[in-house]
1. Any idea which of A70, A45 is assigned to a helix (DSSP H, G or I), under 26 Å from the mean Cα position of the chain (by Cα) and at pLDDT 95 or above?
2. With the checklist (1) surrounded by fewer than 20 Cβ atoms within 10 Å (Cβ to Cβ); (2) in contact with a strand residue (DSSP E or B) (Cβ under 7 Å, 6 or more places away or on another chain) in hand, flag the one item H173 doesn't pass.
3. With at pLDDT below 90 and β-branched (V, I, T) as the only criterion, which of I146, I182, I154 stands out?
4. What's the number of the only condition in (1) under 27 Å from A221 (Cα atoms); (2) in a strand (DSSP E or B); (3) not assigned by TED's automatic domain parsing to the domain that holds R219 that A147 fails to meet?
5. Could you tell me whether the stretch 193-212 includes any residue that is within 18 Å of the chain's Cα centre (by Cα), crowded, with 19+ Cβ neighbours inside 10 Å and not in a helix (DSSP H, G or I)?
6. For the stretch 103-126, how many residues meet the condition of being more than 28 Å from the chain's Cα centre (by Cα), part of a helix (DSSP H, G or I) and surrounded by 12 or more Cβ atoms within 10 Å (Cβ to Cβ)?
7. So which pairs qualify, if the first residue must be in the stretch 207-235 and under 17 Å from V289 (Cα atoms), the second must be crowded, with 22+ Cβ neighbours inside 10 Å and among the aromatic types (F, W, Y), the Cβ gap must be under 8 Å, and the two must be at least 6 apart or on different chains?
8. Looking only at the stretch 48-67, which residues are within 24 Å of T87 (Cβ to Cβ), under 22 Å from the mean Cα position of the chain (by Cα) and not in a strand (DSSP E or B)?
Amino acid sequence: MIEITNSNKNNNHPDDFRSRMYESLKKHPKRIVFTDGEDIRVLEAAAALVKKQVIAPILLGNKPRIKALADKHQINTTLINILDPATSSDLPLFCSRLKTISKYQKKIIADPEELITRPHNFAAMMVQYGQADGIVSGNKSHPSAIARAANNFIKPLAHVPKIFSTVALVAPHIENFGKEGIILLADCGIIPEPNVDELAIIAIETGKLAQHLLGRTPRVAMLSHSTHGSMSTPSSQKMKAASILAKDTIKKEYLEIEIDGELQADVALDSVAAKIKLNDTRAHQSADVLVFPNLDAAHIAYKLLQHIAGAHCYGQLLMGLTRHAAQVPMTASVEMIEGTAVLVGCESIKYRQLYPDGEQ
(Lines give C-alpha, C1' and ligand atoms only; values in the text may rest on other atoms or scores of the structure.)
Protein backbone atom coordinates (compact mmCIF):
# COMPACT_ATOMS: atom_id res chain seq x y z
CA MET A 1 0.00 0.00 0.00
CA ILE A 2 1.25 3.48 -0.91
CA GLU A 3 0.51 5.94 1.84
CA ILE A 4 0.26 9.71 1.44
CA THR A 5 1.58 11.34 4.58
CA ASN A 6 1.11 14.98 3.57
CA SER A 7 -2.56 15.98 3.54
CA ASN A 8 -1.87 19.50 2.20
CA LYS A 9 -1.97 19.06 -1.55
CA ASN A 10 -0.54 22.55 -2.15
CA ASN A 11 2.75 21.33 -0.73
CA ASN A 12 2.78 18.34 -3.08
CA HIS A 13 4.39 18.05 -6.49
CA PRO A 14 3.87 15.43 -9.24
CA ASP A 15 7.29 14.02 -8.30
CA ASP A 16 5.93 13.33 -4.80
CA PHE A 17 3.35 10.93 -6.24
CA ARG A 18 6.02 9.06 -8.18
CA SER A 19 8.34 9.07 -5.16
CA ARG A 20 5.73 7.26 -3.07
CA MET A 21 5.37 4.65 -5.78
CA TYR A 22 9.17 4.34 -6.02
CA GLU A 23 9.36 3.54 -2.33
CA SER A 24 6.75 0.82 -2.71
CA LEU A 25 8.50 -0.69 -5.73
CA LYS A 26 11.88 -0.72 -4.03
CA LYS A 27 10.34 -3.26 -1.66
CA HIS A 28 8.59 -5.14 -4.51
CA PRO A 29 10.50 -4.44 -7.78
CA LYS A 30 8.71 -5.47 -10.98
CA ARG A 31 9.69 -6.41 -14.53
CA ILE A 32 8.00 -4.15 -17.07
CA VAL A 33 8.12 -4.88 -20.80
CA PHE A 34 7.99 -1.97 -23.27
CA THR A 35 6.57 -3.11 -26.61
CA ASP A 36 7.94 -0.15 -28.60
CA GLY A 37 11.57 -0.36 -27.51
CA GLU A 38 13.12 1.40 -30.50
CA ASP A 39 12.36 4.83 -29.07
CA ILE A 40 14.74 7.21 -27.32
CA ARG A 41 11.97 8.18 -24.88
CA VAL A 42 11.63 4.56 -23.77
CA LEU A 43 15.41 4.20 -23.42
CA GLU A 44 15.63 7.33 -21.30
CA ALA A 45 12.70 6.21 -19.12
CA ALA A 46 14.21 2.73 -18.74
CA ALA A 47 17.58 4.18 -17.73
CA ALA A 48 15.89 6.39 -15.12
CA LEU A 49 13.97 3.42 -13.70
CA VAL A 50 17.14 1.34 -13.46
CA LYS A 51 18.95 4.19 -11.73
CA LYS A 52 16.16 4.42 -9.15
CA GLN A 53 16.22 0.61 -8.71
CA VAL A 54 12.44 0.27 -8.97
CA ILE A 55 11.81 -1.45 -12.32
CA ALA A 56 13.68 -4.08 -14.35
CA PRO A 57 12.89 -2.85 -17.90
CA ILE A 58 12.56 -5.18 -20.90
CA LEU A 59 12.63 -3.47 -24.30
CA LEU A 60 11.21 -5.30 -27.31
CA GLY A 61 12.66 -4.59 -30.74
CA ASN A 62 15.70 -4.98 -32.96
CA LYS A 63 18.63 -5.29 -30.57
CA PRO A 64 21.35 -3.73 -32.80
CA ARG A 65 19.13 -0.72 -33.56
CA ILE A 66 18.24 -0.20 -29.90
CA LYS A 67 21.89 -0.53 -28.86
CA ALA A 68 22.95 1.94 -31.56
CA LEU A 69 20.30 4.42 -30.39
CA ALA A 70 21.47 4.03 -26.80
CA ASP A 71 25.12 4.51 -27.77
CA LYS A 72 24.26 7.62 -29.78
CA HIS A 73 22.64 9.18 -26.71
CA GLN A 74 25.18 7.75 -24.24
CA ILE A 75 22.67 5.60 -22.38
CA ASN A 76 24.04 2.65 -20.40
CA THR A 77 22.04 -0.49 -21.27
CA THR A 78 23.90 -2.90 -18.96
CA LEU A 79 20.84 -3.49 -16.75
CA ILE A 80 18.26 -3.00 -19.51
CA ASN A 81 17.09 -6.27 -21.07
CA ILE A 82 16.72 -5.88 -24.84
CA LEU A 83 14.76 -8.66 -26.49
CA ASP A 84 13.89 -9.34 -30.13
CA PRO A 85 10.73 -11.51 -30.28
CA ALA A 86 11.86 -13.05 -33.57
CA THR A 87 15.03 -14.50 -32.01
CA SER A 88 13.79 -15.09 -28.46
CA SER A 89 14.24 -18.52 -26.92
CA ASP A 90 10.62 -18.24 -25.69
CA LEU A 91 9.21 -18.03 -29.22
CA PRO A 92 8.70 -21.82 -29.72
CA LEU A 93 7.03 -22.08 -26.31
CA PHE A 94 4.69 -19.17 -27.01
CA CYS A 95 3.82 -20.58 -30.45
CA SER A 96 2.99 -23.91 -28.87
CA ARG A 97 0.74 -22.24 -26.31
CA LEU A 98 -0.94 -20.21 -29.05
CA LYS A 99 -1.74 -23.43 -30.91
CA THR A 100 -3.28 -24.84 -27.74
CA ILE A 101 -5.35 -21.69 -27.22
CA SER A 102 -6.52 -21.62 -30.84
CA LYS A 103 -7.47 -25.31 -30.68
CA TYR A 104 -9.51 -24.69 -27.53
CA GLN A 105 -11.21 -21.68 -29.15
CA LYS A 106 -11.73 -23.65 -32.37
CA LYS A 107 -9.72 -21.14 -34.40
CA ILE A 108 -7.20 -21.77 -37.15
CA ILE A 109 -3.96 -19.76 -36.96
CA ALA A 110 -2.21 -19.90 -40.35
CA ASP A 111 1.15 -18.57 -39.11
CA PRO A 112 1.53 -18.70 -35.29
CA GLU A 113 5.12 -17.45 -35.40
CA GLU A 114 4.23 -14.32 -37.37
CA LEU A 115 1.40 -13.56 -34.94
CA ILE A 116 3.45 -14.09 -31.79
CA THR A 117 6.46 -12.07 -32.96
CA ARG A 118 4.29 -8.96 -33.11
CA PRO A 119 5.55 -7.02 -30.06
CA HIS A 120 2.15 -6.52 -28.40
CA ASN A 121 1.24 -10.18 -28.65
CA PHE A 122 4.69 -11.28 -27.49
CA ALA A 123 4.50 -8.92 -24.50
CA ALA A 124 1.04 -10.22 -23.57
CA MET A 125 2.36 -13.78 -23.67
CA MET A 126 5.30 -12.73 -21.50
CA VAL A 127 3.12 -11.36 -18.72
CA GLN A 128 0.56 -14.16 -18.94
CA TYR A 129 3.22 -16.81 -18.49
CA GLY A 130 5.35 -15.08 -15.88
CA GLN A 131 8.27 -13.63 -17.87
CA ALA A 132 7.22 -10.07 -16.95
CA ASP A 133 4.90 -8.33 -14.49
CA GLY A 134 3.45 -5.63 -16.71
CA ILE A 135 3.38 -3.92 -20.10
CA VAL A 136 3.74 -0.32 -21.27
CA SER A 137 2.78 0.28 -24.90
CA GLY A 138 1.48 2.84 -27.37
CA ASN A 139 4.32 5.35 -27.71
CA LYS A 140 4.86 4.28 -31.33
CA SER A 141 1.76 2.22 -32.11
CA HIS A 142 -2.01 2.36 -32.37
CA PRO A 143 -3.71 2.50 -28.95
CA SER A 144 -5.98 -0.45 -29.76
CA ALA A 145 -3.02 -2.79 -30.36
CA ILE A 146 -2.23 -3.60 -26.72
CA ALA A 147 -5.93 -3.73 -25.76
CA ARG A 148 -6.53 -6.31 -28.50
CA ALA A 149 -3.46 -8.33 -27.48
CA ALA A 150 -4.51 -8.21 -23.82
CA ASN A 151 -8.00 -9.42 -24.70
CA ASN A 152 -6.59 -12.28 -26.75
CA PHE A 153 -3.75 -13.52 -24.55
CA ILE A 154 -4.17 -12.33 -20.94
CA LYS A 155 -6.64 -14.02 -18.63
CA PRO A 156 -9.36 -11.64 -17.41
CA LEU A 157 -10.59 -11.28 -13.85
CA ALA A 158 -13.66 -13.50 -13.58
CA HIS A 159 -15.84 -10.83 -11.96
CA VAL A 160 -15.09 -8.09 -14.52
CA PRO A 161 -17.26 -8.43 -17.66
CA LYS A 162 -15.11 -6.20 -19.91
CA ILE A 163 -11.69 -4.63 -19.67
CA PHE A 164 -11.69 -0.86 -19.24
CA SER A 165 -9.09 1.83 -18.70
CA THR A 166 -8.17 4.15 -15.86
CA VAL A 167 -5.99 7.26 -16.00
CA ALA A 168 -4.20 8.73 -12.98
CA LEU A 169 -3.93 12.52 -13.11
CA VAL A 170 -1.72 14.49 -10.73
CA ALA A 171 -2.27 18.25 -10.46
CA PRO A 172 -1.57 19.72 -7.00
CA HIS A 173 -1.56 23.19 -8.60
CA ILE A 174 -5.28 22.92 -9.48
CA GLU A 175 -7.83 23.86 -6.83
CA ASN A 176 -10.41 21.19 -5.92
CA PHE A 177 -8.40 18.48 -7.67
CA GLY A 178 -8.88 15.61 -5.24
CA LYS A 179 -7.90 15.66 -1.60
CA GLU A 180 -4.16 15.44 -2.39
CA GLY A 181 -4.10 16.68 -5.97
CA ILE A 182 -4.58 13.18 -7.41
CA ILE A 183 -7.65 11.91 -9.30
CA LEU A 184 -8.36 8.69 -11.18
CA LEU A 185 -10.64 8.87 -14.23
CA ALA A 186 -12.50 5.93 -15.83
CA ASP A 187 -13.30 4.64 -18.42
CA CYS A 188 -11.15 6.82 -20.67
CA GLY A 189 -10.35 4.46 -23.51
CA ILE A 190 -12.26 1.20 -24.00
CA ILE A 191 -16.07 0.94 -23.55
CA PRO A 192 -18.01 3.50 -25.64
CA GLU A 193 -21.32 3.28 -23.75
CA PRO A 194 -20.96 1.26 -20.53
CA ASN A 195 -24.16 -0.18 -19.10
CA VAL A 196 -25.20 -0.14 -15.43
CA ASP A 197 -23.38 -3.37 -14.53
CA GLU A 198 -20.20 -2.24 -16.29
CA LEU A 199 -20.28 1.19 -14.65
CA ALA A 200 -20.64 -0.39 -11.20
CA ILE A 201 -17.64 -2.63 -11.82
CA ILE A 202 -15.61 0.30 -13.20
CA ALA A 203 -16.37 2.27 -10.02
CA ILE A 204 -15.46 -0.58 -7.68
CA GLU A 205 -12.26 -1.69 -9.43
CA THR A 206 -10.98 1.87 -9.84
CA GLY A 207 -11.88 2.47 -6.20
CA LYS A 208 -9.74 -0.49 -5.21
CA LEU A 209 -6.82 0.96 -7.12
CA ALA A 210 -7.34 4.37 -5.52
CA GLN A 211 -7.37 2.78 -2.07
CA HIS A 212 -4.09 1.05 -2.87
CA LEU A 213 -2.43 4.22 -4.19
CA LEU A 214 -3.76 6.63 -1.56
CA GLY A 215 -3.63 4.39 1.49
CA ARG A 216 -7.12 5.31 2.70
CA THR A 217 -10.81 4.93 1.90
CA PRO A 218 -11.34 6.65 -1.47
CA ARG A 219 -14.41 8.59 -2.55
CA VAL A 220 -15.82 7.62 -5.95
CA ALA A 221 -18.17 9.97 -7.81
CA MET A 222 -20.52 8.73 -10.53
CA LEU A 223 -20.69 11.78 -12.77
CA SER A 224 -23.71 13.14 -14.57
CA HIS A 225 -25.36 16.40 -15.64
CA SER A 226 -27.68 15.73 -12.68
CA THR A 227 -27.21 15.64 -8.90
CA HIS A 228 -29.41 13.24 -6.94
CA GLY A 229 -32.36 13.50 -9.30
CA SER A 230 -32.16 17.20 -10.20
CA MET A 231 -32.70 16.17 -13.83
CA SER A 232 -34.25 12.85 -14.77
CA THR A 233 -32.86 11.56 -18.07
CA PRO A 234 -31.83 8.08 -19.23
CA SER A 235 -28.17 9.00 -18.68
CA SER A 236 -28.65 10.30 -15.14
CA GLN A 237 -30.87 7.34 -14.25
CA LYS A 238 -28.14 5.00 -15.51
CA MET A 239 -25.54 6.61 -13.25
CA LYS A 240 -27.93 6.52 -10.29
CA ALA A 241 -28.64 2.82 -10.85
CA ALA A 242 -24.91 2.08 -11.19
CA SER A 243 -24.27 3.89 -7.91
CA ILE A 244 -26.89 1.81 -6.11
CA LEU A 245 -25.53 -1.42 -7.56
CA ALA A 246 -21.94 -0.52 -6.67
CA LYS A 247 -22.91 0.39 -3.10
CA ASP A 248 -24.71 -2.93 -2.72
CA THR A 249 -21.64 -4.85 -3.90
CA ILE A 250 -19.34 -2.85 -1.61
CA LYS A 251 -21.57 -3.65 1.36
CA LYS A 252 -21.71 -7.36 0.54
CA GLU A 253 -17.94 -7.62 0.03
CA TYR A 254 -17.00 -5.35 2.97
CA LEU A 255 -14.93 -3.06 0.75
CA GLU A 256 -13.58 0.24 2.06
CA ILE A 257 -14.83 2.44 -0.77
CA GLU A 258 -17.33 5.32 -0.65
CA ILE A 259 -19.51 5.86 -3.73
CA ASP A 260 -21.92 8.67 -4.45
CA GLY A 261 -24.03 9.39 -7.49
CA GLU A 262 -25.35 10.62 -9.64
CA LEU A 263 -23.35 13.84 -9.16
CA GLN A 264 -22.47 16.89 -11.20
CA ALA A 265 -18.73 17.47 -11.51
CA ASP A 266 -18.72 20.60 -9.33
CA VAL A 267 -20.54 18.77 -6.53
CA ALA A 268 -18.08 15.88 -6.79
CA LEU A 269 -15.00 18.10 -6.52
CA ASP A 270 -15.86 21.47 -4.94
CA SER A 271 -16.93 21.52 -1.29
CA VAL A 272 -18.61 24.91 -1.73
CA ALA A 273 -20.83 23.56 -4.52
CA ALA A 274 -21.50 20.41 -2.51
CA LYS A 275 -22.53 22.44 0.53
CA ILE A 276 -25.00 24.47 -1.52
CA LYS A 277 -26.51 21.57 -3.48
CA LEU A 278 -26.34 18.74 -0.91
CA ASN A 279 -27.27 18.45 2.73
CA ASP A 280 -25.08 15.37 3.29
CA THR A 281 -21.83 16.63 4.83
CA ARG A 282 -20.06 13.37 3.94
CA ALA A 283 -20.14 14.49 0.32
CA HIS A 284 -18.31 17.73 1.01
CA GLN A 285 -14.87 16.21 0.40
CA SER A 286 -13.40 16.17 -3.09
CA ALA A 287 -13.73 12.88 -4.97
CA ASP A 288 -10.67 10.74 -5.64
CA VAL A 289 -12.23 8.80 -8.54
CA LEU A 290 -14.45 10.14 -11.31
CA VAL A 291 -16.53 7.63 -13.26
CA PHE A 292 -18.02 9.01 -16.48
CA PRO A 293 -21.26 7.98 -18.19
CA ASN A 294 -19.53 7.28 -21.53
CA LEU A 295 -16.20 7.19 -23.32
CA ASP A 296 -16.62 10.56 -25.04
CA ALA A 297 -17.06 12.43 -21.76
CA ALA A 298 -14.19 10.63 -20.02
CA HIS A 299 -11.67 10.93 -22.83
CA ILE A 300 -12.45 14.60 -23.52
CA ALA A 301 -12.13 15.46 -19.82
CA TYR A 302 -8.83 13.58 -19.52
CA LYS A 303 -7.30 15.32 -22.55
CA LEU A 304 -8.50 18.78 -21.46
CA LEU A 305 -7.07 18.32 -17.98
CA GLN A 306 -3.76 17.14 -19.42
CA HIS A 307 -3.25 19.60 -22.26
CA ILE A 308 -5.09 22.70 -21.00
CA ALA A 309 -4.92 22.47 -17.21
CA GLY A 310 -1.42 20.98 -17.08
CA ALA A 311 -2.26 17.82 -15.15
CA HIS A 312 0.43 15.13 -15.22
CA CYS A 313 -0.97 11.93 -16.71
CA TYR A 314 -0.05 8.31 -15.98
CA GLY A 315 -1.74 5.50 -17.87
CA GLN A 316 -4.11 4.49 -19.32
CA LEU A 317 -4.10 1.36 -17.19
CA LEU A 318 -6.03 -1.55 -18.69
CA MET A 319 -8.21 -2.81 -15.85
CA GLY A 320 -9.97 -6.14 -15.35
CA LEU A 321 -7.04 -8.42 -16.20
CA THR A 322 -5.08 -10.89 -14.10
CA ARG A 323 -1.92 -9.25 -15.42
CA HIS A 324 -1.18 -5.58 -15.94
CA ALA A 325 -0.76 -3.32 -18.94
CA ALA A 326 -1.02 0.33 -19.91
CA GLN A 327 -1.21 2.26 -23.13
CA VAL A 328 0.35 5.71 -23.44
CA PRO A 329 -0.31 8.14 -26.31
CA MET A 330 2.14 8.65 -29.17
CA THR A 331 2.77 12.12 -27.72
CA ALA A 332 3.93 10.65 -24.39
CA SER A 333 6.87 12.35 -22.70
CA VAL A 334 9.72 10.50 -20.99
CA GLU A 335 8.17 11.50 -17.66
CA MET A 336 4.80 10.03 -18.66
CA ILE A 337 6.35 6.77 -19.86
CA GLU A 338 8.41 6.44 -16.68
CA GLY A 339 5.48 7.29 -14.41
CA THR A 340 3.15 4.93 -16.25
CA ALA A 341 5.64 2.06 -15.90
CA VAL A 342 5.81 2.73 -12.17
CA LEU A 343 2.00 2.83 -11.96
CA VAL A 344 1.77 -0.51 -13.78
CA GLY A 345 4.29 -1.95 -11.33
CA CYS A 346 2.26 -0.70 -8.36
CA GLU A 347 -0.93 -2.13 -9.89
CA SER A 348 0.87 -5.48 -10.00
CA ILE A 349 1.64 -5.14 -6.29
CA LYS A 350 -2.04 -4.41 -5.62
CA TYR A 351 -3.15 -7.56 -7.40
CA ARG A 352 -0.76 -9.71 -5.36
CA GLN A 353 -2.08 -8.14 -2.15
CA LEU A 354 -5.74 -8.64 -3.14
CA TYR A 355 -5.26 -12.17 -4.51
CA PRO A 356 -2.30 -13.74 -2.64
CA ASP A 357 -3.38 -17.24 -3.62
CA GLY A 358 -3.27 -16.56 -7.34
CA GLU A 359 -5.72 -15.81 -10.13
CA GLN A 360 -9.43 -15.46 -9.48
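1. A45 is the lone residue from the list that is assigned to a helix (DSSP H, G or I), under 26 Å from the mean Cα position of the chain (by Cα) and at pLDDT 95 or above.
2. Checking H173 against (1) surrounded by fewer than 20 Cβ atoms within 10 Å (Cβ to Cβ); (2) in contact with a strand residue (DSSP E or B) (Cβ under 7 Å, 6 or more places away or on another chain), the one that fails is (2).
3. It is I146.
4. For A147, the failing item is (2).
5. Within the stretch 193-212 (the criterion being within 18 Å of the chain's Cα centre (by Cα), crowded, with 19+ Cβ neighbours inside 10 Å and not in a helix (DSSP H, G or I)), the answer is yes, since at least one residue qualifies.
6. 3
7. Once the first residue is under 17 Å from V289 (Cα atoms) and sits in the stretch 207-235, its partners that are crowded, with 22+ Cβ neighbours inside 10 Å and among the aromatic types (F, W, Y) give L223/F292.
8. Result: V50, single match.
The values are calculated or read from the model by the stated rules, or taken from the named source; none is laboratory data. Every value quoted in this text rests on a predicted model; they were computed, and no experiment measured them. Positions of Cβ are generated from backbone atoms using ideal geometry, with glycine treated the same way; all protein chains shown enter the neighbour counts.
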